[in-house]
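These notes are about the structure you will find just below.
The values are calculated or read from the model by the stated rules, or taken from the named source; none is laboratory data. Since this is a predicted model, take the numbers as computed values, not measurements. Every residue, glycine as well, gets a Cβ built from its backbone with ideal geometry; the counts of neighbours run over all protein chains shown.
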Amino acid sequence: MGAFIDAVQTFWAHLSAVRWGPLGIALAFNLLKLAVRALAWRNILAASYPDVRIRRLSVFGAYVAGVGVNAIAPARAGDVVKLYLVKRRVEGSSYATLAPTLVVETLFDFFAAGAVFLWALSAGVLPSREVIKRLPSVDWSWPLRHPNVTIIVAAVVLLTLLLVGMLTGRRIEEFRRKVGRGFAILGDPGAYVRGVVSWQALSWVLRLAAIHEFLRAFRLTPSLHNALVVQTVESLSTLMPFTPGGAGTKQGLTVYALHESSASAEVSFSVGMNIAVVVVNVLVGFAVLFLMARTLRWRRIADAQKQESEGAASA
């Protein structure tokens, strides 16, 4: 975190050089991207509950509120907020069905990010394993330095999940039915392509367009190549979300991968883009959260969601 604080100080030193026009365009693209992704999630929900009216505005609100919480909280806490808010606006819904819809919502991202990752490998912009271990601000280097412990922890988690599944065998059929309902749209490839893939492909275009404008705003080279490099860094920094928004990781990888005129300019860009996106996502997200839940205490919402899930599981 100390490295991130140093990076913030570097950003403030370069603040006067920021171009505000491109910065505003970049943030507009970012908000439009959220709206497009919310539409994709709404279509997934509609396929899971075909007999229930799914309001676009309600889903958009839940999605944006979750993004706002994710911007400041680690470990995808905002996803819990999304589920809590949308459950109250989809009659007869259950967390067992709603949770898989978030998995479906990320399937296209997996392939899109994979394509960007393969491009990054072929372009030689990714750091090697040895380089990653030497980057002090990369928060997920610990598993790479302790592979044996990582494997043991992963094995324990997997065995625990298997044991839990065996102990709850009598409820497994009902649970499978509810979970399967969350994947309903995948049973209709045409609907999935039209209602989800098309919107998510557009969201990736908007994502790259926003990065392009951020590069312009911070006076770096605004090219497709650099936008893809930054997107690769964004994906890598959120693989293991131990810090909100991957703070620290992004700066270390950006300096390595971008190869611009100076490290300070790259750090300023990375921190500036991160701060701008976080501030806008938090302001918009928490405003929507207050309108929908009448509270800004997202931890209380997360606790309520956990209690409801445990109550449903024991019923």
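Return the only residue of N43, N70 being over 25 Å from R299 (Cβ atoms) and of a type in the set (S, T, N, Q). Let's see the steps before the verdict.
Values: N70 fails: over 25 Å from R299 (Cβ atoms).
One residue alone meets the criteria, N43.
Would you check if there is a residue in the stretch 27-38 being surrounded by 22 or more Cβ atoms within 10 Å (Cβ to Cβ), aliphatic (A, V, I, L, M), more than 30 Å from F218 (Cβ to Cβ) and touching a helix residue (DSSP H, G or I) at 6+ places or on another chain (Cβ under 6 Å)? Within the stretch 27-38, not a single residue is surrounded by 22 or more Cβ atoms within 10 Å (Cβ to Cβ), aliphatic (A, V, I, L, M), more than 30 Å from F218 (Cβ to Cβ) and touching a helix residue (DSSP H, G or I) at 6+ places or on another chain (Cβ under 6 Å).
Scan the stretch 172-225 residue by residue and report those that are charged (D, E, K, R), outside any loop (DSSP other than H, G, I, E, B) and more than 22 Å from the chain's Cα centre (by Cα). Spell out how you get there, then give the answer.
Step one: list which residues in the stretch 172-225 are charged (D, E, K, R), which gives 173-174, 176-178, 181, 188, 194, 207, 213, 216, 219.
Next, only the ones that are outside any loop (DSSP other than H, G, I, E, B) stay: 173-174, 176-178, 181, 194, 207, 213, 216.
Within the stretch 172-225, E173, E174, R176, R177, K178, R181, R194, R216 meet the criteria.
Of the listed requirements (1) over 18 Å from L85 (Cα atoms); (2) not in a helix (DSSP H, G or I), V280 misses just one: (2). If you filter the stretch 217-242 down to residues that are hydroxyl-bearing (S, T, Y) and surrounded by fewer than 21 Cβ atoms within 10 Å (Cβ to Cβ), you find that the one that is modelled with the highest pLDDT is S223. Taking residues in the stretch 273-285 that are under 20 Å from L208 (Cβ atoms) and at pLDDT 95 or above, and partners anywhere that are outside any helix (DSSP H, G or I) and of a type in the set (S, T, N, Q), not one pair has Cβ atoms closer than 6 Å while being at least 6 places apart or on different chains. Within the stretch 85-99, residues that are at negative phi and surrounded by 17 or more Cβ atoms within 10 Å (Cβ to Cβ) sit with their Cβ atoms under 6 Å from residues that are of a type in the set (S, T, N, Q) and in a helix (DSSP H, G or I), at 6+ positions apart or across chains, in these pairs: R89/S58; Y95/S309; T97/S48.
Scoring R299 on the criteria (1) at pLDDT 75 or above; (2) farther than 25 Å from L31 by Cβ leaves a single failure, condition (1).
Residue-level check: of (1) at pLDDT 95 or above; (2) within 17 Å of the chain's Cα centre (by Cα); (3) closer than 17 Å to A26 by Cβ; (4) of a type in the set (G, A, S), G245 misses just (1).
Run down V52, V59 and say which single residue is surrounded by fewer than 18 Cβ atoms within 10 Å (Cβ to Cβ) and hydrophobic (A, V, I, L, M, F, W, C). Full working, then the answer.
Details: V59 fails: surrounded by fewer than 18 Cβ atoms within 10 Å (Cβ to Cβ).
Sole residue among the options that is surrounded by fewer than 18 Cβ atoms within 10 Å (Cβ to Cβ) and hydrophobic (A, V, I, L, M, F, W, C): V52.
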